[in-house]
Amino acid sequence: GIESDDINMIISSEDSDKAVANKIPVYDVQPINNSEKTNTPTKENVQINQVLLNVKFHEQRSQMLKKAKTYFNSLCTTKEGLLEKQCGILCKGWSMRKCILKPHKLCYYKIGQETVLRGVIDFDLLSCTVEAESSPGDDAKIFRIVILQSSKIFYFRCSTNIELKDWVNKIHRQIASSEGYSCALTKIAIQPHFWRRDRISQKELMKIANTGDIILFRTVGICGALQRFVTCSETDHVGLVMRFTNGKLYLLESLGCLLYTSDAADDTPCLDL
């Protein structure tokens with residue numbers, strides 16, 4: 001066939017009659033307008049289109065990550081509320097406490113003293129279970145957290161059965177995703193009053209510590225206790241964290257130099273916060 005782009009003139013009427021005689025189709029062709037030609041894609045246009053595609057891909061990826069993060073947070077939902085905790089050794093009773101369920105950790109505070117930590121159950125440092133207290137009646141609304149390899153049991157009482165079920169389910173989720181659920185941890189559980197202090201394991205310290213972080217020390221000994229008494233402080237000296245490119249973590253103490261490495265043993269003592 002005859003392409004219109006290859007014709008640059010209009011066939012005259014005489015040529016048209018001759019074409020009809022020869023049974024050749026006649027085409028009414030107009031001159032080509034160069035301004036209407038389709039521009040071929042240039043290198044710059046291709047690069048711009050590629051950038052737009054990359055931007056769209058990253059937007060979709062960020063939306064997917066945001067949805068995944070929202071779903072994960074929904075599985076590890078924290079909870080905060082007032083619970084009655086069983087206190088006392090010989091004469092047991094119930095005292096109201098403000099309880100905050102954090103990721104892999106349950107903290108409770110005395111009412112009116114929310115800045116002073118009364119106790120913490122760290123599921124990454126302790127192996128424990130949670131269960132509702134079995135009772136012949138439905139008025140108990142009590143659940144307990146049992147510390148394995150220890151005689152310590154924490155009892156909490158809720159106001160309603162709905163709250164009881166919600167607390168037990170959410171605490172169980174935190175326990176199931178913690179380090180203490182996958183392996184038996186007993187080093188902290190055998191220490192007296194282990195729930196009084198918030199701690200961090202060396203594994204977690206190696207993960208989050210970075211150059212410039214400051215660690216406060218509370219040493220065991222007469223010199224440290226005397227210094228804390230004189231200065232009216234809870235700590236007696238400090239240390240500066242330095243992380244090198246080889247992954248090793250140095251802690252420069254005011255009393256010397258202590259080296260932490262990422263391949264340290266898991267039974268290294270935890271640090272009190």
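Yes or no: Gly119 closer than 28 Å to Glu234 by Cα, among the small types (Gly, Ala, Ser) and open to solvent by 30 Å² or more (accessible area, probe 1.4 Å)? No.
Taking the condition out of contact with any Phe, Trp or Tyr (no Cβ under 9 Å at 6 or more places or on another chain), at pLDDT 75 or above and either open to solvent by less than 70 Å² (accessible area, probe 1.4 Å) or assigned to a loop (DSSP other than H, G, I, E, B) (or both), does Tyr109 pass? Yes: the conditions hold for Tyr109.
With (1) surrounded by fewer than 11 Cβ atoms within 10 Å (Cβ to Cβ); (2) of a type outside the set (Ser, Thr, Tyr); (3) touching a residue at least 12 places away in the same chain (Cβ under 8 Å); (4) in a helix (DSSP H, G or I) as the list, and Ile190 as the residue in question, which single condition is left unmet? The single condition Ile190 does not satisfy is (4). Test each condition in (1) closer than 22 Å to Leu205 by Cα; (2) aliphatic (A, V, I, L, M); (3) crowded, with 16+ Cβ neighbours inside 10 Å for Ala132 and report the one that comes out false. Every listed condition holds for Ala132 apart from (1).
The values are calculated or read from the model by the stated rules, or taken from the named source; none is laboratory data. Computed from a predicted structure; not experimentally measured. Here Cβ is always computed from backbone atoms with ideal geometry, including for glycine, and neighbour counts include all displayed protein chains. These area figures cover heavy atoms from the full protein model, side chains too; ligands, DNA and RNA do not enter into them. Shrake-Rupley method; radii C 1.70, N 1.55, O 1.52, S 1.80 Å.
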